[in-house]
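Q: Can you read through this structure? Questions will come right after.
The values are calculated or read from the model by the stated rules, or taken from the named source; none is laboratory data. What you are looking at is a predicted structure, and each value in this text was computed from that prediction instead of being measured. Neighbour counts run over all protein chains shown; Cβ positions are idealised from the backbone, glycine included. Protein only, heavy atoms only, side chains kept; ligands, DNA and RNA dropped before computing areas. Shrake-Rupley method; radii C 1.70, N 1.55, O 1.52, S 1.80 Å.
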Amino acid sequence: RDGVYDESLNLKDQTFGKLNHLESILGNVLKQIENAIPLIIMKLRKYLPDKNTQIVLFKPIRSQIVEAYGSLLSFIHGEYLESEWKSMKLPTTQQVSELIQVSVEG
């Protein structure tokens, strides 16, 4: 039953919820964000030459990414012990926001 959801177990006791697996998944998500943002910005610049328009259109994208990541962190904080989620060394929502900003400016 490897990787299969078992209702009798807590999330952190599920195979897919083990800290090392979760940390790997979140690392991949952050890399995807870091890689996707420059592509989005490139397309905005290609079709919308006005910088102010680009900023206005990108703002809700950035906000939704940061909000979703914040919700995920809150969920992790609720499901795992503080020592467990601290051991994963996950970035804060502010750090994710800054990562996006660096990608935009990059």
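Q: Please identify the trypsin sites (Lys or Arg not before Pro) of the chain that satisfy two criteria: DSSP loop assignment and at most 13 other Cβ atoms within 10 Å. Which are they? List each step's numbers first, then the result.
A: Details: sites: R1, K12, K18, K31, K43, R45, K46, K51, R62, K86, K89; in loops: R1, K18, K89.
Answer by residue number: R1, K18, K89.
Q: I've got another one for you. Find, among the chymotrypsin sites (Phe, Trp or Tyr not before Pro) in segment 41-70, those assigned to loop by DSSP (not H, G, I, E, B) with at most 14 other beta-carbon atoms within 10 angstrom. Please list the in-between numbers first.
A: Details: sites: Y47, F58, Y69; in loops: none.
Answer by residue number: there is no such site.
Q: A further question follows. So what's the back-of-envelope 222 nm ellipticity for the chain, counting only DSSP H runs of four-plus at -39500 (n - 2.57) apiece and dividing by all residues, rounded to 500? Intermediate results must be reported in sequence, preceding the final value.
A: Values: 4 runs with 77 residues, N = 106.
So the calculated ellipticity at 222 nm is -25000 deg cm²/dmol.
Q: Follow-up question, since we're still on this one. Using +1 on the beta carbon of Lys and Arg, -1 on that of Asp and Glu, and nothing else charged, what's the dipole of the chain about the Cα centre, debye to 20? Don't skip to the answer; put the middle values down first.
A: Details: 12 positive and 13 negative charges, 127 e Å.
Charge dipole of the chain: 620 debye, to the nearest 20.
Q: Counting only protein heavy atoms, what percent of the accessible surface of the chain is carbon or sulfur at a 1.4 Å probe? Walk me through the numbers before you get to the answer.
A: Working: 4190 of 7430 Å².
Carbon plus sulfur share of accessible area: 56 percent.
Q: Further, regarding this structure: What is the Cα coordinate range of the chain on the first, second and third principal axes, sorted by size from largest, in whole angstrom?
A: The Cα atoms of the chain stretch 54, 27, 19 Å along the principal axes, largest first.
Q: Let me ask you something else. Give a quick list of GluC sites (Glu not before Pro) in segment 1-91 that DSSP marks as loop, anything other than H, G, I, E or B, with at most 15 other Cβ atoms within 10 Å.
A: On the way: sites: E7, E23, E34, E67, E79, E82, E84; in loops: E7.
Sparse-neighbourhood loop GluC sites (Glu not before Pro): E7.
Q: Each label point is 7 Å from the Cα along the Cα-to-Cβ direction; what then is the distance between the points at K12 and I25, in nm?
A: In this crude spin-label approximation the distance works out to 1.6 nm.
Q: Hey, can you find the accessible area per residue of the chain for me, probe 1.4 Å, expressed in square angstrom?
A: Working: 7430 Å² over 106 residues.
Result: 70 Å² per residue.
Q: Follow-up question, since we're still on this one. Give me the number: length gained by fully extending Q32 to V102, i.e. 0.36 nm times residue separation minus the C-alpha to C-alpha distance, one decimal in nm. Display every interim value, and only then the final one.
A: Values: separation 70, 0.36 × 70 = 25.20 nm, distance 1.43 nm.
Working it through step by step, the gained length comes to 23.8 nm.
Q: Can I ask one more? Using 7 Å Cα-to-Cβ label points, what is the K43/K59 separation (nm, one decimal)?
A: Computed distance between label sites K43 and K59 equals 2.1 nm.
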